[in-house]
Amino acid sequence: MTARLLRGRLLSFHRMPESLDDRASYLYEEDGGLLIENGVIAAIGDYATVKADAPEDIEEIDHRPNLILPGFIDTHIHFPQMQVIGSYAANLLEWLNTYTFPEECKFVETAHAERIAVHLFDELLRHGTTTAAAYCSVHKASADAFFAESLKRGTLMIGGKVMMDRNAPQGLLDTPETGYDETRAVIEQWHGKGRNHVAITPRFAITSTPPQMEAAAALAREFPDLHIQTHLSENGEEIRYTCELYPEAADYTDIYARYGLLREKALLGHCIHLSEREADVMSETGAVAVHCPTSNLFLGSGLMPLKKMIRRNKPVTVSVATDIGGGSSYSMLRTMDEAYKIQQLLGERLNPLESFWLMTRGNAEAIRLADSIGSLDPGTDADLVVLDARATPAMALKMEVVNSLAEELFLLQTLGDDRSIAETYVAGKAMKSTLR
Ligand code: GUN
Ligand code: ZN
């Protein structure tokens, strides 16, 4: 058995904080001890108590005065877009056609996919992200490279071979049949191997013909417990074109509903411009609206009404994500800084407790994996991030006047990035300090 004891300031959420004063929504231990056994959190509490019950010769790692939280979760990222990030385009469709599709064509080469997979996992762990839901490319080999790297690192990852059979370069198209067969092959080969989860991944309605949507529907029926990921209602021109392609549907959301693709564990990227009817459908089906703030601002897609969605009579489950490479940062801290600013522009408040809940337990609950990740609850996997609010001179200076946990979290969100990640643990193993 491998065991270690971490010491530091522990923070873990029980549920969504209702206000800055909602002390009952989270656990905070000023001098905390977290006991890890065989990659799982065995005990947490105040250091002295946890230490007293731990094996005598246990390895101890002192992270004081840093905060120890559950590892960040990124619920929407594109593995083949690491070299697309920062591409200059007027809008989503121009960005896809000019930069993104040509770049994804390169993933037909296994060696390229394997090289980029190493970089992806390095970058995620450097930024404190221990779980991500990733779109691979249309090529099965890209999914193989993604899951093989995840297996090597011991991470809990969600990924899918993208299904797309129209409106893209020839080198990026499958067919309804190969999309179905290769997705099945990826499921058989990788789902449940290590901590890997396979997602059914039709890219979006523009790049799938109705027969391919039927194939995705068949997969969704055959694998009712799998995640599904696609894009919904990101950009005005995209929405108009999509509705032209599916004239029988009431709206964009109805397209996916008609193919049985809306349910719990269905992760719909963006959801910026939903009508009330569409939001009702999202709520009724339990599908998740995945907010990607840096991407929405970078591509000029719009301001997603996150707080309004959560507050509805029929609430929509919302998660948060980077959307690399439409997104402009791998950091969930940078992501929540932009999420905060979007809510400011909409006249809403997103408080720092809510932000940190979203990055951790909120995202874990949205993707229905809170039994294993997203908190420091004993019995869950020891995927952790250690945060240093004094990581840069500017942060250290501001910390001199910070008086509360909420203020410290807000500083981390406003000025923090990968430099604020002192360590990242995956199943109890320190990872960041081992990176190049
Ligand atoms: N819609 C369809 N594909 C994509 C993609 O790769 N990125 C974003 N942001 N939107 C999409
Ligand atoms: Zn996306």
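The values are calculated or read from the model by the stated rules, or taken from the named source; none is laboratory data. Bear in mind the structure is a predicted one, so any value in this text is a computation, not a measurement. Neighbour counts are summed over all protein chains in view; Cβ atoms, including those assigned to glycine, are modelled from backbone coordinates with ideal geometry.
When you go through Val402, Val386 one by one, which is the residue that is of a type in the set (Val, Ile, Thr), outside the structural domain of Ile310 (by the TED database) and under 26 Å from Met431 (Cα atoms)?
None of the others qualify; the one that does is Val386.
Among the listed residues Val84, Val108, identify the single one that is surrounded by fewer than 20 Cβ atoms within 10 Å (Cβ to Cβ), in contact with a Gly (Cβ under 9 Å, 6 or more places away or on another chain) and in the same structural domain as His197 (by the TED database). Steps first, please.
On the way: Val84 fails: surrounded by fewer than 20 Cβ atoms within 10 Å (Cβ to Cβ).
Of Val84, Val108, the one residue that is surrounded by fewer than 20 Cβ atoms within 10 Å (Cβ to Cβ), in contact with a Gly (Cβ under 9 Å, 6 or more places away or on another chain) and in the same structural domain as His197 (by the TED database) is Val108.
Suppose we keep only residues that are more than 16 Å from ligand 2 (Cβ to nearest atom) and closer than 21 Å to Asn363 by Cα within segment 219-259. Which one would you say is surrounded by the most Cβ atoms within 10 Å (Cβ to Cβ)?
Within segment 219-259, the match that is surrounded by the most Cβ atoms within 10 Å (Cβ to Cβ) is Leu226.
Determine if segment 260-272 includes at least one residue that is away from ligand 2 (no atom under 16 Å from the Cβ) and over 21 Å from the mean Cα position of the chain (by Cα).
Checked against the condition, which is being away from ligand 2 (no atom under 16 Å from the Cβ) and over 21 Å from the mean Cα position of the chain (by Cα), segment 260-272 yields at least one hit.
Quick check on my filter: what residues within segment 310-333 are away from ligand 1 (no atom under 16 Å from the Cβ) and either over 19 Å from Ala287 (Cα atoms) or part of a strand (DSSP E or B) (or both)? Don't jump to the end; show me each part of the working.
First, the residues of segment 310-333 that are away from ligand 1 (no atom under 16 Å from the Cβ): 310-318, 331-333.
If the condition is that a residue be away from ligand 1 (no atom under 16 Å from the Cβ) and either over 19 Å from Ala287 (Cα atoms) or part of a strand (DSSP E or B) (or both), then Thr317, Val318, Ser331, Met332, Leu333 are the ones that fit.
For Asp165, which of the numbered conditions (1) within 16 Å of ligand 1 (Cβ to nearest atom); (2) touching a Leu at 6+ places or on another chain (Cβ under 6 Å); (3) touching a residue at least 60 places away in the same chain (Cβ under 8 Å) fails to hold?
It is condition (3) that Asp165 fails.
How about segment 259-300: which of its residues are touching a residue at least 12 places away in the same chain (Cβ under 8 Å), of a type outside the set (Gly, Ala, Ser) and in a helix (DSSP H, G or I)? If you could, list the steps in order and put the result at the bottom.
Narrowing segment 259-300 to residues touching a residue at least 12 places away in the same chain (Cβ under 8 Å): 259-275, 277-300.
Of the ones still in play, those that are also of a type outside the set (Gly, Ala, Ser) are 259, 261-265, 267-268, 270-274, 277-278, 280-282, 284-285, 288, 290-294, 296-299.
Correct list: Arg277, Glu278, Asp280, Val281, Met282, Glu284, Thr285, Pro293, Thr294, Asn296, Leu297, Phe298.
Kindly list the number of the only condition in (1) over 21 Å from His270 (Cα atoms); (2) assigned to a helix (DSSP H, G or I); (3) under 26 Å from the mean Cα position of the chain (by Cα) that fails for Gly171.
Condition (3) is where Gly171 drops out.
Yes/no per residue for (1) away from ligand 1 (no atom under 15 Å from the Cβ); (2) more than 30 Å from Trp190 (Cα to Cα):
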| site | (1), (2) |
| --- | --- |
| Gly269 | no, no |
| Ala287 | yes, no |
| Leu299 | no, yes |
| Thr335 | no, no |
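Looking at (1) in contact with an Asp or Glu (Cβ under 7 Å, 6 or more places away or on another chain); (2) under 26 Å from Ala287 (Cα atoms), which is the one condition that is false for Pro202?
Condition (1) is where Pro202 drops out.
For the condition out of contact with any strand residue (DSSP E or B) (no Cβ under 9 Å at 6 or more places or on another chain) and hydroxyl-bearing (Ser, Thr, Tyr), what is the one hit in Thr335, Thr392? Can you show your working first?
Numbers: Thr335 fails: out of contact with any strand residue (DSSP E or B) (no Cβ under 9 Å at 6 or more places or on another chain).
Checking each option against the conditions leaves just Thr392.
Hey, among Tyr180, Tyr256, which residue is over 30 Å from Leu151 (Cβ atoms) and in contact (Cβ under 8 Å) with a residue 24 or more places away in the chain?
Numbers: Tyr180 fails: over 30 Å from Leu151 (Cβ atoms).
Selected residue: Tyr256, the only one of Tyr180, Tyr256 that is over 30 Å from Leu151 (Cβ atoms) and in contact (Cβ under 8 Å) with a residue 24 or more places away in the chain.
Any chance you could count how many residues in segment 147-167 are surrounded by 21 or more Cβ atoms within 10 Å (Cβ to Cβ) and either of a type in the set (A, V, I, L, M) or at pLDDT below 95 (or both)?
The total comes to 6.
Using the structure shown, decide if Pro80 is of a type outside the set (D, E, K, R) and under 15 Å from Leu6 (Cα atoms).
Details: of a type outside the set (D, E, K, R): yes; under 15 Å from Leu6 (Cα atoms): no.
No: the conditions fail for Pro80.
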